[in-house]
Amino acid sequence: VRARAHEGVLLGFEAFERRVGAYPYPALTVVLPPDHGRQSAGMEYPMLITGLPADPVWSLPGVRDVRVLEEVALHELGHQWFYGLLATNEQEEAFLDEGFNTYWEMAIFEEKYGQPAGMGAPLGHPIDTNYFRADGLERGRDQIREPIKKSPSSDYFQGLYGAQVYDRPAALLE
């Protein structure tokens, strides 16, 4: 489990430094919280990110073939550049850092693993990286016509925060 999160971080470092710019800090600490601390999973701070809990379930057949551990680690690492370097305000412009991160994480996975199965292939069924962007947008297609910038971002139509700040900007950048 730790090796998979480590793989996501290494993949991210290589791609972000090559495609965006040098890592802006002198160190990075990656924490995989215990299961009882899962509320702290998937967070970012300068020089500190948290991945998903190091749960043995990630090693089970079917589950181990989904790149979610790698994806969360890579996404949180991306915040070192996108909000860190861009200096966006996540409370007022959540779509900027989350949207940039979602776009880049999918682009990096597609570059490394190929587009048809960028997120893995559990039980031999490829998970297309575009599915994650398109699914959130499709579910909210009737309500998503509100402005992408909404302050505070908690005022998005109920249940569409993820589609508005992760999926919509990533699809736009795509």
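The values are calculated or read from the model by the stated rules, or taken from the named source; none is laboratory data. Here the structure is a predicted model, which is why all the values come from computation and not from measurement. In this analysis, Cβ positions are derived from the backbone assuming ideal geometry, glycine residues included, and neighbour counts consider all displayed protein chains. These area figures cover heavy atoms from the full protein model, side chains too; ligands, DNA and RNA do not enter into them. Shrake-Rupley method; radii C 1.70, N 1.55, O 1.52, S 1.80 Å.
Look at segment 1-25 and say how many of its residues are surrounded by fewer than 17 Cβ atoms within 10 Å (Cβ to Cβ) and among the aliphatic types (A, V, I, L, M).
Step one: filter segment 1-25 for residues surrounded by fewer than 17 Cβ atoms within 10 Å (Cβ to Cβ), giving 2-3, 6-7, 10, 13-14, 17-22, 24-25.
From the residues that got through so far, the ones that are among the aliphatic types (A, V, I, L, M) too are 3, 10, 20, 22.
Of the residues in segment 1-25, 4 are surrounded by fewer than 17 Cβ atoms within 10 Å (Cβ to Cβ) and among the aliphatic types (A, V, I, L, M).
Here E17, E90 are screened, and the one residue that is acidic (D, E), assigned to a loop (DSSP other than H, G, I, E, B) and over 21 Å from A134 (Cα atoms) is E90. Flag set for L52, criterion: within 17 Å of the chain's Cα centre (by Cα), assigned to a loop (DSSP other than H, G, I, E, B) and under 23 Å from A121 (Cβ atoms).
In segment 35-67, how many residues are under 23 Å from P24 (Cα atoms) and open to solvent by less than 80 Å² (accessible area, probe 1.4 Å)?
Of segment 35-67, the ones under 23 Å from P24 (Cα atoms) are 41-51.
If we keep only those that are open to solvent by less than 80 Å² (accessible area, probe 1.4 Å) too, we end up with 41-44, 46-51.
Count: 10.
Hey, could you check segment 139-154 for residues that are at pLDDT below 70 and open to solvent by less than 40 Å² (accessible area, probe 1.4 Å) and say which is nearest to T88 (Cα to Cα)? Across segment 139-154, the extreme among qualifying residues is S153. Kindly indicate whether any position in segment 70-92 is more than 30 Å from S151 (Cα to Cα), without any contact (Cβ under 8 Å) to a residue 40 or more places away in the chain and open to solvent by 40 Å² or more (accessible area, probe 1.4 Å). No, segment 70-92 has no match at all. Can you name the residue in segment 155-174 that is open to solvent by 20 Å² or more (accessible area, probe 1.4 Å) and either among the basic types (K, R) or in a loop (DSSP other than H, G, I, E, B) (or both) and is also modelled with the highest pLDDT among such residues? Ranking the candidates gives R168 first.
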